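Student: Just passing along the structure, written as structure tokens.
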Amino acid sequence: MDQKKLAIIATKGTLDWAYPPFILASTAAALDYAVEIFFTFYGLQLVRNDLSVLKVSPLGNPGMPMKMPFGPKWFRGINWNVPNAIQALVPGYESLATVLMKQTIANNGVATIADLRMMCQEADVKFLACQMTVELFGFEHSDFIDGLEYVGAASFFSFAGDSDICLYL
Amino acid sequence: MNFDKELDARGLNCPLPILRCKKSLAELTAGQVLKIVATDPGAIKDFEAFAKQTGNELLSSAQAGGEFTFFMKKK
């Protein structure tokens, strides 16, 4: 049986959207797929040396439950339905939401992004970074982890063109 | 059932049990058996899919008291 191939385009640079590409890539690699991820636009934040740039914002996201990761069960069950106008005005609201989400992640036995990213690299998932976006956003190659290949869209297609699954995330 | 290595994946959530299983299998030789204990309710279906895709044989899966126990034979 030919090895199956998964190609992923990662375009989002927030803590919540960091999960789908790394979860799917690491799992596919464990299932013996060859995997490549093309990090472009905000997705470049996922391959920065410093992952503390990843935050989550409940602002303008009605799908995000805002529940407290501590306290008694009845308290954890409350969904804090804070209006967008207040979220936008309160300084540090995003940082607070990020701290709470990281605690929720830890409470649920979910891996950190740093761990999942490392597991992808250990499993030989190939990371491609969009050189055009690196320049557009004023990044340096030294801002990013080792093991990236800086390429353009054409290089992505040379793998994605024969892939069994291609995901835009 | 006899086994050669045990993996405690309790408290871990998707996709960690599968990733740890893959790693543990890599330390075994063909024909050896890995025992896995997990608490992730998705694990039963996930380990079936893992075995089907990778060709490692899922010898048994059992559920008791919120824990899932699997025996997987390395191909």
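None of the figures in this text is laboratory data; all of them are computed from the coordinates on show. None of these values were measured; they are calculated from a predicted model. A quick note on method: Cβ atoms are made from the backbone with ideal geometry, for glycine too, and the neighbour counts reach across all protein chains shown.
Student: To the nearest 0.05, what FRET efficiency results for A:Y168 and A:N49 with a Förster distance of 22 Å applied to their C-beta separation?
Tutor: The value I calculate is 0.30.
Student: Percent relative contact order of region B:5-73, based on C-alpha pairs within less than 8 angstrom and at least six residues apart?
Tutor: 34 percent.
Student: Select from A:G71, A:G92, A:G147 the residue whose mean-square fluctuation is largest in a Gaussian network model of chain A (Cα-Cα springs shorter than 10 Å).
Tutor: A:G71
Student: Further question: Return the percentage of antiparallel bridges among DSSP beta bridges fully within region B:5-73, rounded to the nearest 5 %. Provide the component values of the computation, followed by the final result.
Tutor: Values: 13 of 18 bridges.
Given both bridge residues lie in region B:5-73, the antiparallel proportion sits at roughly 70 percent.
Student: Name the most mobile residue of A:A129, A:A154, A:A106, meaning the one with the largest mean-square fluctuation, in a Gaussian network model of chain A with Cα contacts below 10 Å.
Tutor: A:A154
Student: Now for a different question. Return a whole-number percent for the relative contact order of chain A, with Cα pairs under 8 Å and 6 or more residues apart as the contact set.
Tutor: 36 percent
Student: Now a separate question. Among A:P91, A:P21, A:P58, whose mean-square fluctuation peaks in a Gaussian network model of chain A (Cα, cutoff 10 Å)?
Tutor: Judging by the Gaussian network model, the answer is A:P91.
Student: May I pose another question? Apply the Karplus curve 6.51 cos²θ - 1.76 cosθ + 1.60, θ = phi - 60°, to the phi angles in region A:141-153 and return the couplings in whole Hz, x for Gly and Pro.
Tutor: Along region A:141-153, the couplings run 4, 6, 6, 10, 5, 6, x, 7, 10, 8, 9, x, 4 Hz.
Student: Here's something else I'd like to know. Normalise the Cα radius of gyration of the protein assembly as shown by 2.2 N^0.38 Å (N = residues in it) and let me know the number.
Tutor: Computed over Cα atoms of the protein assembly as shown, the ratio equals 1.13.
Student: Here is a further query. Could you please rank A:L15, A:L89, A:L31, placing first whichever residue has the fewest other Cβ atoms within 10 Å of its Cβ?
Tutor: By the 10 Å Cβ count, ascending, the order reads A:L89, A:L31, A:L15.
Student: So, one more: Among bridges DSSP assigns within the protein assembly as shown, what percent are antiparallel (round to 5)?
Tutor: Roughly 40 percent of the DSSP beta bridges within the protein assembly as shown come out antiparallel.
Student: Provide a whole-number value for the mean count of partner chain Cβ atoms within 10 Å of the Cβ atoms in peptide A:69-78. Walk me through the numbers on the way to the answer.
Tutor: Values: counts 0, 0, 0, 0, 0, 0, 0, 0, 0, 0.
Counting Cβ atoms of other protein chains within 10 Å of each residue's Cβ and averaging gives 0.
Student: Given the rule -39500 (n - 2.57) for each run of at least 4 DSSP H residues, summed and divided by the residues of the protein assembly as shown, what is its mean residue ellipticity at 222 nm, to the nearest 500 deg cm²/dmol? Show your work: numbers first, answer last.
Tutor: Details: 9 runs with 88 residues, N = 244.
Theoretical 222 nm ellipticity from helices: -10500 deg cm²/dmol.
Student: Moving on. If you add up the charges near A:Y150, with Lys and Arg at +1 and Asp and Glu at -1, over every other residue whose beta carbon is less than 13 angstrom from its beta carbon, what do you get?
Tutor: Local charge sum for A:Y150: -4.
Student: Then there is this: DSSP loop chymotrypsin sites (Phe, Trp or Tyr not before Pro) in region A:48-131 with at most 12 other Cβ atoms within 10 Å of their Cβ, which ones?
Tutor: Answer by residue number: A:F70, A:W80.
Student: With no solvent and one point per C-alpha, what does the Debye sum give as log10 I(q)/I(0) for region B:5-73 at q = 0.13 Å⁻¹?
Tutor: The computed values of log10 I(q)/I(0) come out as -0.29.
Student: For peptide B:12-24, how many partner chain Cβ atoms fall within 10 Å of a residue's Cβ, on average?
Tutor: 5
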